[in-house]
Amino acid sequence: GTTARPKVSSIEPTVHHRLEPEDQARADFYALLARLCAEAPDAPLLAAIAAAAPLTPEAPGALAGAGDDAKTIAMAWDSLRAASAVMDPEAASDEFQALFVGVGRSEVSLYASHYLGPQSGRPLAEIRATLVELGLARRPGSSEFEDHLSLELETMRMLVAGGAGRRPASIAEQRAFCERHLMPWVFDCCAAILTCPIANYYRQVASFASCFLALERDSFAIE
């Protein structure tokens with residue numbers, strides 16, 4: 001656990017539930033990526049990632065169903081762990097600001113609307129409508145619009161794991177949200193980070209995110 005979670009909340013009553021290891025692993029990765037896209041990692045988060053276990057087929061749930069993708073995602077995770085072990089928190093903060101905030105204009109946008117052209121309709125309005133249908137809402141005080149990557153990833157975490165106010169969503173509901181709101185643009189966003197000349201630590205974040213979300217896409221396709 002570390003600082004602020006992206007600003008998506010449920011408006012349903014409290015429900016308690018248990019997850020299968022595979023779904024817990026998925027939820028944890030969505031939570032981590034959402035956090036890293038919301039703000040720069042602080043020292044405790046960097047230490048926690050560095051100390052995390054490697055991904056192996058023997059790890060309960062972590063690579064369930066990964067098949068040929070297991071080696072790729074395991075290597076990307078190892079690279080992120082190694083980068084986290086040597087990353088200075090202040091340097092991470094500076095990189096986050098330069099990449100995603102900037103002065104006047106960021107180097108890389110984390111908003112769906114930046115990547116989806118007019119043919120896609122209105123991404124922000126569409127995701128707002130979907131969140132209402134799901135009983136989710138942006139938390140008061142959030143400065144990010146709902147099509148920010150951190151909020152979309154946090155929404156996926158809540159669909160997979162549930163939360164203080166909701167049960168986990170069905171696989172069909174998870175797939176529908178992911179395919180409609182994440183998949184049309186998230187790989188372009190990751191590619192923009194990977195090719196940005198000022199990216200350093202976030203290259204490892206983007207590489208792992210791309211591998212993880214590709215695994216999610218392929219898993220949904222065979223459900």
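Across segment 172-202, which residue is farthest from Leu19 (Cα to Cα) among those that are open to solvent by 60 Å² or more (accessible area, probe 1.4 Å), assigned to a helix (DSSP H, G or I) and touching a residue at least 12 places away in the same chain (Cβ under 8 Å)?
It comes out as Leu194.
Is it the case that some residue within segment 6-18 is out of contact with any strand residue (DSSP E or B) (no Cβ under 9 Å at 6 or more places or on another chain), charged (D, E, K, R) and modelled with pLDDT of 80 or more?
No; the residues of segment 6-18 include none that is out of contact with any strand residue (DSSP E or B) (no Cβ under 9 Å at 6 or more places or on another chain), charged (D, E, K, R) and modelled with pLDDT of 80 or more.
So which residues in segment 85-99 are in contact (Cβ under 8 Å) with a residue 60 or more places away in the chain and assigned to a helix (DSSP H, G or I)?
Residues of segment 85-99 in contact (Cβ under 8 Å) with a residue 60 or more places away in the chain: 87, 91-92, 95-96, 98-99.
Result: Ala91, Ala92, Glu95, Phe96, Ala98, Leu99.
The values are calculated or read from the model by the stated rules, or taken from the named source; none is laboratory data. Keep in mind that this is a model prediction, so the values were computed, not measured. Every residue, glycine among them, receives a Cβ derived from its backbone with ideal geometry; neighbour counts consider all protein chains shown. Quick note on the areas: whole protein, heavy atoms, side chains included, nothing else; ligands and nucleic acids left out. Shrake-Rupley method; radii C 1.70, N 1.55, O 1.52, S 1.80 Å.
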